[in-house]
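Bear in mind these aren't lab numbers, they're just calculated from the coordinates by the rules spelled out. Not measured: the values here are computed from a predicted model. Glycine also receives a Cβ, built like all others from the backbone with ideal geometry; neighbour counts cover every protein chain displayed.
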């Protein structure tokens, strides 16, 4: 299947695709995300104009490494899974990362998330082994 993938640049486009996110898209956060340099949101449709999947990426620059792309989140609507949309979105983000001069791309994924791991492998990702991801949670207004 060929997915039509486009880079989202308008808040209304984010809100239209909010069913792909973990919760409702908040306009003020979407605006902040889209306005931040190095923040990217790609949305795919399956040819019907309906948002079928999305991927977000954030460029991160370190003084001794240069810039890499962090694949922040990947989501494909359940109705459109197993059609190659996730792989196409990851490959599109990787292509964007190359265009923007990133030396690489990475993602954190739970070791038991077989579907995600298979998607990333099929898009050229190589697992480097077990990783722990400590998190801090702060109160938000």
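Residues 136, 29, 106, arranged from fewest to most other Cβ atoms within 10 angstrom of their Cβ, appear as 136, 29, 106. A Förster distance of 41 Å, applied to the separation of the beta-carbon atoms of residue 31 and residue 131, puts the FRET efficiency at 0.80. Computed over the chain with a Gaussian network model linking Cα atoms closer than 10 Å, the most mobile of 36, 97, 25 is 36.
Could you compute Rg(Cα) / (2.2 N^0.38 Å) for the stretch 50-91, with N its residue count?
Working: Rg = 13.4 Å, N = 42, 2.2 N^0.38 = 9.1 Å.
Here the answer is 1.47, to two decimals.
Hey, in the GNM for the chain with a 10 angstrom Cα cutoff, which one of 100, 79, 32 fluctuates hardest? Highest fluctuation of the listed residues: 79. Kirkwood analysis of the Cα pair distances in the stretch 4-122 returns a hydrodynamic radius of 14.7 Å.
To the nearest 500 deg cm²/dmol, what mean residue ellipticity at 222 nm is calculated for the chain from DSSP H runs of n ≥ 4 alone, each contributing -39,500 (n - 2.57), summed and divided by the residues?
On the way: 4 runs with 39 residues, N = 141.
Value at 222 nm, helices only, nearest 500: -8000 deg cm²/dmol.
Residues of the stretch 6-25 with the amide nitrogen closer than 15 Å to a label point 7 Å from the Cα of residue 39, along Cα-to-Cβ, please. Residues passing the 15 Å test: 8-15, 25. What share of the DSSP beta bridges in the stretch 4-122 is antiparallel, in percent to the nearest 5? So the antiparallel bridges amount to about 90 percent of the total. Label-to-label distance, residue 140 versus residue 21, with points set 7 angstrom from Cα along the beta-carbon direction: 0.9 nm. When both the stretch 1-74 and the stretch 112-133 are represented by their alpha-carbon centers, they are found 20 Å apart.
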